[in-house]
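One structure is given below, encoded as structure tokens.
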Amino acid sequence: MMKTAYMDYNATAPILPSAASAMADAINLVGNPSSVHRLGREARAKMEAARDAVAALVNAPRDWVIFTSGGTEADALALDGVDCERVLVSAVEHAAVLNARADVEVIAVDANGLIDLTALENMLDGRSTLISVMAANNETGVIQPVKDVVALARKYGALVHCDAVQAVGKTPFDMLALDLDMVSLSAHKIGGPQGVGALVKREGITLNAVQRGGGQERSLRGGTENLIGIIGFGAAAKEVMDFSSIEVLRDLLETQTKTRGAKVLGETVERLPNTSCFAFEGLPSERQVMALDLAGVMVSAGSACSSGTVKASHVLKAMKVDEELANCAIRVSLGWGSTKDDVEMFVEAWSKLVERVQTRKSSRSNAA
């Protein structure tokens, strides 16, 4: 069997054993959580225990947690469900935020992908406004100054939504300490199952349901809850991971790639400990991803991937990264199962690619 190295945790993390075990047990639950009989109450109790765990993950009251089908739906509920005159979003947000509604106004970022606070303040004018800024970028790992954004929002009476899908579980995150109004989460980014997430909404904020139906999730998300997925989400939320050892692996990988000529994007500012986005000029992203896959190493293009195609990265474009260099960027993201062997396997396979490019360049130069 071919040896592999999975290094695409920001796309989806392998499911944690504790989450898989909890979900296996949950398959045998018979009752609908909305039923009032004994089996329904048992199912409800399991679901509410998971709600407690997810709330604790971001230090929020349990009643603020609304389960959804994932981070995208949570973002849609926050942005499309809010009743306000304006919605401002950073230029490096996930497509789930940028495309949540047609009338979003985009806030510029600097060369590191950090939101331009001066530009944000210049956009605020006292009208009812929702600001949406991610906690950490999915491509570069750059951590946004969320506390500063909230301070500006309070000055002008605006609300703040934070897509914390990539940050939670990898770096400290406290919804109450940050004074956030709404936070989006996704189970499969922290080792839970795909197809379940949550919007954590502060009490007193009125939203219009995007998915209407029954009275589930305080009438904000109609439909029978994904009980098995929610239980898996709760189990994953209870896992406390030490990412310091993962950061050591990420730094080792970056040291090895930089000595061979790679440029790490966003490295001068605070980033997630598991994420590296770097480029090697002359080696297109798609070629790197495909060649590494053939070598058993799984990474993503630094650009956004959709339906198996590689598109120009709006994140790198917003950071004003040179287009030619941006087209050569890839993202490596590590997680709970990552090892030094994975890093060594990546470096070996990637170095061979670089050597081939350098050999061709040298041959063309000599021929000239």
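The values are calculated or read from the model by the stated rules, or taken from the named source; none is laboratory data. Please read all numbers here as calculations on a predicted model, not as lab measurements. We place every Cβ from the backbone using ideal geometry, glycine too, and count neighbours over all the protein chains shown.
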Those residues of the stretch 169-184 which are buried (at least 24 other Cβ atoms within 10 Å of the Cβ), touching a Lys or Arg at 6+ places or on another chain (Cβ under 8 Å) and more than 12 Å from Val200 (Cα to Cα), in sequence order: Gly169
Condition met for Ile205 (of a type outside the set (Gly, Ala, Ser), part of a helix (DSSP H, G or I), out of contact with any His (no Cβ under 7 Å at 6 or more places or on another chain) and under 29 Å from Ala49 (Cβ atoms)): no
Unique residue being of a type in the set (Lys, Arg) and over 30 Å from Asp342 (Cβ atoms) when the list is Lys147, Lys170: Lys147
Inter-residue pairs, beta-carbon under 7 Å, first polar (S, T, N, Q) and in the stretch 316-336, second buried (at least 21 other Cβ atoms within 10 Å of the Cβ), 6+ apart: Asn327/Ser285; Ser333/Met7; Ser333/Tyr9; Ser333/Asn10; Ser333/Asn274; Ser333/Thr275
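From the list Ala45, Ala60, Ala78, which one is over 18 Å from Val315 (Cβ atoms) and loosely packed, with under 14 Cβ neighbours inside 10 Å? Step through it out loud before you land on a result.
Values: Ala60 fails: loosely packed, with under 14 Cβ neighbours inside 10 Å; Ala78 fails: loosely packed, with under 14 Cβ neighbours inside 10 Å.
Exactly one residue qualifies, and that residue is Ala45.
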Given (1) in contact with an Asp or Glu (Cβ under 7 Å, 6 or more places away or on another chain); (2) over 19 Å from Glu225 (Cα atoms); (3) aliphatic (A, V, I, L, M), index of the condition Ala11 fails: (1)
Whichever residue in the stretch 223-264 is in a loop (DSSP other than H, G, I, E, B) and polar (S, T, N, Q) and, among such residues, is surrounded by the most Cβ atoms within 10 Å (Cβ to Cβ): Asn226
Gly215 on the phi > 0 side of the Ramachandran plot, assigned by TED's automatic domain parsing to the domain that holds Val97 and not hydroxyl-bearing (Ser, Thr, Tyr): no
Matching option when the condition is more than 16 Å from the chain's Cα centre (by Cα) and either of a type in the set (A, V, I, L, M) or under 22 Å from Gly81 (Cβ atoms) (or both), among Val104, Val133, Val142, Val146: Val104
The stretch 343-368 residues that are at pLDDT below 80, paired with ones that are loosely packed, with under 11 Cβ neighbours inside 10 Å and of a type outside the set (Lys, Arg) (beta carbon under 9 Å, 6 or more apart): none
Test for Ala11: is it more than 20 Å from Leu220 (Cα to Cα), in a helix (DSSP H, G or I) and either touching a Gly at 6+ places or on another chain (Cβ under 9 Å) or aliphatic (A, V, I, L, M) (or both): no
